[in-house]
1. Amide H of Glu20: which non-local residues (sequence gap of 5 or more, or other chain) have their own amide H closer than 5 Å, using H built in the peptide plane?
2. When only C-alpha pairs under 8 Å and at least 6 residues apart count, what is the relative contact order of the range 91-189, in percent?
3. Place a +1 charge on the Cβ of each Lys and Arg in the range 5-186 and a -1 charge on the Cβ of each Asp and Glu, then give the dipole magnitude about the Cα centre in debye, rounded to the nearest 20.
4. Ranked highest first by average number of other Cβ atoms within 10 Å, how do 174-181, 89-96 line up?
5. Taking every pair of alpha-carbon atoms in the range 1-103, give the share separated by more than 19 Å as a whole percent.
6. Extending each Cα 7 Å along its Cβ direction at Ser154 and Val166, get the distance between those two points in nm, one decimal.
7. Residue separation times 0.36 nm, minus the C-alpha to C-alpha distance between Glu5 and Phe51: what's the value?
8. Pick out, from Gly177, Trp61, Gly116, the residue whose Cα sits farthest towards the positive end of the charge dipole of the chain, with +1 on the Cβ of Lys and Arg and -1 on the Cβ of Asp and Glu.
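Where a number appears in this text, it was derived from the coordinates with a stated rule and is not lab data. In this text the structure is predicted, and so the values were computed from the model without any measurement. Ideal geometry is used to build each Cβ from the backbone, glycine not excepted, and the neighbour counts take in all protein chains shown.
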Amino acid sequence: MWRSEVNDAVVDLIDPRPGETVIDIGAGMGPGVMRAAASGAEVLAIDPTPFMRTVMSGRRWFSRRRKSIRVLDGAVEALPAGDHQVHALWSVNTMHHWSSVADGAVEIARVLAPGGRIVLVDEDFSDPRHPNSEEWHKRHGEDSHHGFSMVDASEMGDLMTGAGLVDVVAEQRDMAGRPVIAVTARGPN
Ligand SMILES: C[S@@+](CC[C@H](N)C(=O)[O-])C[C@H]1O[C@@H](n2cnc3c(N)ncnc32)[C@H](O)[C@@H]1O
């Protein structure tokens with residue numbers, strides 16, 4: 001995805017600042033990366049899929065902000081960043097891919113600087129209010145979710161709190177006019 005209103009909203013909530021290091025976990029083709037790079041922060045675009053990194057690298061190459069973007073191999077369960085080095089991180093539409101939500105929470109807590117900001121969002125395409133719901137149901141069927149399972153907001157919240165993160169809010173809400181599961185939190189001071 002090249003541009004997305006949900007990515008725009010998430011990055012605006014994160015509010016990256018010049019001099020900060022921030023991470024887009026599962027950056028894909030970089031809608032969040034490009035918006036964040038405009039702030040002057042150093043942006044780490046992390047994704048485990050080679051195709052996504054290839055597309056992101058091409059996009060980076062044509063960006064005026066390329067010096068502040070790094071494209072890196074990694075996943076939420078093993079982030080390529082040192083302990084407490086990251087001022088803010090976000091992720092859009094990746095939580096349902098995480099092999100272990102518990103491991104992801106611990107890894108996020110490891111890399112985050114004290115007071116660091118977190119926004120994790122998965123759109124709920126199965127909700128009839130989502131503008132792409134009809135298309136999603138055609139693709140996935142109405143019965144089981146055919147391998148797609150939405151993350152559970154309260155479970156996510158408990159795991160984030162258990163990993164030591166603070167001010168955790170995990171809820172179903174609307175963002176950019178779409179129903180989402182959203183988790184916001186901070187690294188402990
Ligand atoms: C639906 S795409 C979303 C991409 C981008 N965040 C966006 O909003 O356009 C899901 C992305 O998650 C990545 N991904 C899959 N497993 C992951 C994991 N365990 N940790 C982080 N990212 C993962 C995929 O490679 C893919 O790029």
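1. Glu42
2. 37 percent
3. Around 1120 debye, computed over the range 5-186.
4. Highest to lowest by the protection proxy: 89-96, 174-181.
5. 35 percent
6. Label at Ser154, label at Val166, 2.5 nm between them.
7. Length gained between Glu5 and Phe51: 14.3 nm.
8. Trp61
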